[in-house]
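Peer 1: For reference, the structure I am asking about is given below.
The values are calculated or read from the model by the stated rules, or taken from the named source; none is laboratory data. Fair warning: this is a prediction, and the values are worked out from it, not measured in the lab. Here Cβ is always computed from backbone atoms with ideal geometry, including for glycine, and neighbour counts include all displayed protein chains. All accessible areas refer to the heavy atoms of the entire protein, side chains included, with ligands and DNA or RNA removed. Shrake-Rupley method; radii C 1.70, N 1.55, O 1.52, S 1.80 Å.
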Amino acid sequence: MVRYALTGTPGTGKTTISNALNKKTLHLSELYSKASEEKTTSDEWLIDVEKLNRAFHKKKGDSFIVEGHLSHTLKDVEKVIVLRCDPNILESRMEKRNYSESKIRENLEAEAMGIIYSEAIEIFDRTKVAQLDTTNSTSEQAAEILEQFFEGKVKLDETIDYSERIMGWY
Ligand SMILES: Nc1ncnc2c1ncn2[C@@H]1O[C@H](COP(=O)(O)OP(=O)(O)OP(=O)(O)O)[C@@H](O)[C@H]1O
Ligand SMILES: [Mg+2]
């Protein structure tokens with residue numbers, strides 16, 4: 001069993017934070033080419049979740065963390081950490097990437113609606129799903145909080161709700 005899935009909307013910081021942690025991590029993006037047969041017109045892998053699970057089983061070894069926006073859909077994971085970010089700040093992180101405006105909007109709406117958290121608590125018992133808001137911290141600070149969480153020194157039971165952000169967009 002891999003201890004933690006580190007998941008969240010693109011840009012919330014899964015890869016950056018996991019790289020700052022002192023824990024063996026499997027980056028799911030390494031498996032996307034094995035778990036997909038085609039790319040979309042915007043060059044994104046269309047992931048087959050069954051294939052992703054198979055590739056994960058072969059590759060997971062003794063990883064402590066698996067990170068990626070589909071990591072909460074994997075079997076053989078004990079607990080989930082959902083990274084969150086205020087959509088207004090997430091927008092500035094996304095603008096540094098090559099995403100189309102519609103892709104950015106889609107991701108900001110998903111974050112405002114808490115889609116990944118909702119998915120995670122459908123799959124896992126609520127007590128196994130924690131959230132960490134990365135809006136007002138650096139990636140190093142967020143990593144430090146997670147290290148303390150892994151040691152049982154802090155709790156991550158914040159209720160995070162950015163749904164009211166949507167009202168300001170339309
Ligand atoms: N507190 C923070 N935690 C994590 N990243 C942060 C934080 N503050 C700013 N950032 C910046 O936000 C970006 C997060 O990008 P990153 O690639 O880690 O996201 P991701 O969740 O892995 O996205 P994807 O799902 O597309 O792989 C980086 O440029 C990082 O420097
Ligand atoms: Mg990433």
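Peer 1: Would you calculate, for the chain, the mean residue ellipticity at 222 nm contributed by helices, counting each DSSP H stretch of 4 or more residues as -39,500 (n - 2.57) and dividing by all residues, to the nearest 500?
Peer 2: Result for the chain, helices only: -10500 deg cm²/dmol.
Peer 1: Next up: Lysines near LYS34 by alpha-carbon distance under 30 Å, same-chain residues fewer than 8 away left out - which ones?
Peer 2: Result set, ordered by chain and number: LYS14, LYS23, LYS24, LYS51, LYS58, LYS59, LYS60, LYS75, LYS79, LYS96, LYS103, LYS128.
Peer 1: How about the stretch 113-170: which trypsin sites (Lys or Arg not before Pro) there lie in a loop by DSSP and see at most 11 other Cβ atoms within 10 Å?
Peer 2: LYS153, LYS155
Peer 1: Counting only heavy atoms of protein chains, what accessible area per residue, in Å², does the stretch 56-170 have with a probe of 1.4 Å?
Peer 2: Heavy-atom accessible area per residue stands at 57 Å².
Peer 1: I'd like the Karplus ³J(HN,Hα) series for the stretch 3-17: coefficients 6.51, -1.76, 1.60, θ = phi - 60°, whole numbers in Hz, and an x wherever there's a Gly or Pro.
Peer 2: Per residue, the Karplus-derived 3J(HN,Hα) values read 5, 9, 9, 9, 10, x, 4, x, x, 6, x, 4, 5, 4, 5 Hz.
Peer 1: Further, regarding this structure: Projecting each Cα onto the charge dipole of the stretch 39-125 (Lys/Arg +1, Asp/Glu -1 at the beta carbon, about the Cα centre), which of VAL77, PHE64, MET94 comes out farthest on the positive side?
Peer 2: PHE64
Peer 1: Quick check on the stretch 72-145: take the gyration tensor over C-alpha atoms, sort the square-rooted eigenvalues as a ≥ b ≥ c, and tell me if it's rounded (a/c under 1.5), prolate or oblate.
Peer 2: Here the stretch 72-145 falls in the oblate category.
Peer 1: A further question follows. Just by accessible area at a 1.4 angstrom probe, what is the order of HIS57, HIS72, HIS27 from largest to smallest?
Peer 2: Of HIS57, HIS72, HIS27, the descending order of accessible area is HIS57, HIS27, HIS72.
Peer 1: May I ask you to rank ILE81, ILE123, ILE166 by accessible area, largest first, using a 1.4 Å probe over the protein chains only?
Peer 2: The ranking, largest first, comes out as ILE123, ILE166, ILE81.
Peer 1: Would you mind calculating the relative contact order of the stretch 58-170 from Cα pairs under 8 angstrom and at least 6 residues apart, reporting the percent as a whole number?
Peer 2: 34 percent
Peer 1: Charges on Cβ only, +1 for Lys and Arg, -1 for Asp and Glu, centred on the Cα centroid of the chain; of ALA55, ASN107, ASN136, which one is farthest towards the dipole's positive end?
Peer 2: The Cα lying farthest towards the positive end belongs to ALA55.
Peer 1: Output wanted: per-residue J couplings in Hz (rounded whole) for the stretch 153-161, from phi through Karplus 6.51 cos²θ - 1.76 cosθ + 1.60, θ = phi - 60°, x for Gly and Pro.
Peer 2: Result, ordered by residue: 8, 9, 9, 10, 10, 5, 9, 10, 9 Hz.
Peer 1: Could you state the per residue volume, in Å³, of the convex hull enclosing the Cα atoms of the chain?
Peer 2: Looking at the chain, the number lands at 115 Å³ per residue.
Peer 1: Express the relative contact order of the stretch 7-117 as a whole percentage, based on alpha carbon pairs under 8 Å and six or more residues apart in sequence.
Peer 2: 37 percent.
Peer 1: In debye, nearest 20: dipole of the stretch 2-169 around its Cα centre with unit charges on the Cβ of K, R (+) and D, E (-)?
Peer 2: Charge dipole of the stretch 2-169: 620 debye, to the nearest 20.
Peer 1: Could you work out how much longer the chain between ASN19 and THR40 gets when fully extended? Use 0.36 nm per residue separation minus the Cα distance between them, nm to one decimal.
Peer 2: Difference between extended and current length: 4.8 nm.
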